[in-house]
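Structure first, then comments.
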Amino acid sequence: MVLGFVESATWAILPRTLAIYRKLYPDVKISLQPLHTVNQINAIRDGKIDIGILGKPVDDSALSVYTLRKECYLVALPGDHPLVSKVKIHIKDLAQESFVTTLRAVGAPYYDSMIKVCMDENFSPSIIQTATDMQTVLALVSSGMGIALINESARHIRDDVVYKPLFGANQIAYQMSFAWRTGNESHVIKNFLNVIQRLYLRSI
């Protein structure tokens, strides 16, 4: 079985799922391929990978999709940032802040959603630095370069950053989904889906 996955799947979903799947089906050989969501969609469609754990809503008739979870935004702050003392942080509180974010090419849906959250409050985020992955984004936040809007599970990456809920933002920050090629009825995929369904109730 060839399994594709996005970076954010490694923070919780992938290790948890693989640990249980390997205990139940120790004879199944698993080949792991880190791929961005768009590349996973193409690889599943072309039969190059069997299963994908990807990070955006998928609207493709060639793929079957099971939504694992939807995540809201958190604000990631350096430990000495003035907003750390606030009980509630509203999106409008960030209008004058410097933002660190991933490149749009890495994850357009997440990037576009973050921009829209700010634009809905009538300001364009001042992006001072971009990075290719969330680990680097949070490292830059930790250094004091700026703040970041992140999805909830990314808070597990670093413990030297302060994470606060964001109020006033109605956008879903991130959606994690399990996908496979429509019509692929292999027992390997069915068994993997069964494990996924046991661990993660379908998000509504």
(message) Criterion first (in contact (Cβ under 8 Å) with a residue 12 or more places away in the chain, within 21 Å of P78 (Cα to Cα) and not in a loop (DSSP other than H, G, I, E, B)) does S153 satisfy it?
(response) yes
(request) Report, by residue number, each residue of segment 77-101 that is assigned to a strand (DSSP E or B) and either polar (S, T, N, Q) or not assigned by TED's automatic domain parsing to the domain that holds S142 (or both). (result) S98, T101
(request) Within segment 4-17, count every residue that is modelled with pLDDT of 95 or more and surrounded by fewer than 21 Cβ atoms within 10 Å (Cβ to Cβ). (result) 0
(request) Of the conditions (1) basic (K, R); (2) within 21 Å of L35 (Cα to Cα); (3) part of a strand (DSSP E or B), R104 clears all except one; give me its number. (result) (3)
(message) Residue under question is I189, and the condition is that it be farther than 14 Å from I13 by Cα and in contact with a His (Cβ under 9 Å, 6 or more places away or on another chain); does it hold?
(response) no
(request) State all residues of segment 154-204 that are of a type in the set (D, E) and in the same structural domain as G144 (by TED's automatic domain parsing); if no residue qualifies, say none. (result) D159, D160
(message) Quick test of your reading of the structure: L193 fulfils all but one of (1) buried (at least 20 other Cβ atoms within 10 Å of the Cβ); (2) within 22 Å of P34 (Cβ to Cβ). Name the failing condition by number.
(response) (1)
(message) Which pairs turn up if I take residues in segment 24-45 that are assigned by TED's automatic domain parsing to the domain that holds H187 and look for partners that are among the acidic types (D, E) with beta carbon separation below 9 Å, at least 6 apart in sequence or on another chain?
(response) P34/E7; H36/E7; I41/D60; I44/D50; I44/D60; R45/D60
(request) Within segment 116-125, identify whether any single residue is in the same structural domain as I89 (by TED's automatic domain parsing), touching a strand residue (DSSP E or B) at 6+ places or on another chain (Cβ under 6 Å) and within 19 Å of I89 (Cβ to Cβ), and answer yes or no. (result) yes
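The values are calculated or read from the model by the stated rules, or taken from the named source; none is laboratory data. The structure presented is a predicted model; accordingly, all values stated were derived computationally and were not measured. Reconstructed Cβ throughout: ideal geometry from the backbone, glycine too, with neighbour counts over all protein chains shown.
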